[in-house]
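Engineer: My questions will all concern the structure given below.
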Amino acid sequence: MTIPTIERAFQIARSGQARDIATLKRQLEADGCRAVDALLAPRSLRGHLEAICLAAFKPAAADTPDS
């Protein structure tokens, strides 16, 4: 059984692997999800996913500036 695209979007957002919606969309497409743009078009859904991405994102060690 495959996971619905929107459910997978929330999984990716909560995982901390997506910095923003664009990254999230690319990951969904790489996972084989179809109609990603259409399914994530509603503004309220994008807003929720964006907030989750921002809260959960964990940059890799190479992404963090040297202190």
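What follows is calculated from the coordinates using simple rules that are stated; it is not laboratory data. Everything numeric here is computed off the predicted structure, so don't read it as measured data.
Engineer: Volume per residue, Å³, of the convex hull around the alpha-carbon atoms of the chain?
Structural biologist: Values: hull volume 6.0 nm³, N = 67.
Looking at the chain, the number lands at 90 Å³ per residue.
Engineer: Still on this structure, please answer the following. Indicate the helices, whole DSSP H runs only, in the chain that combine a mean Kyte-Doolittle hydropathy of -0.5 or more with a Cα extent along their long axis of 18 angstrom or more.
Structural biologist: Details: long enough: 43-56 (19 Å, 0.49).
Qualifying helices: 43-56.
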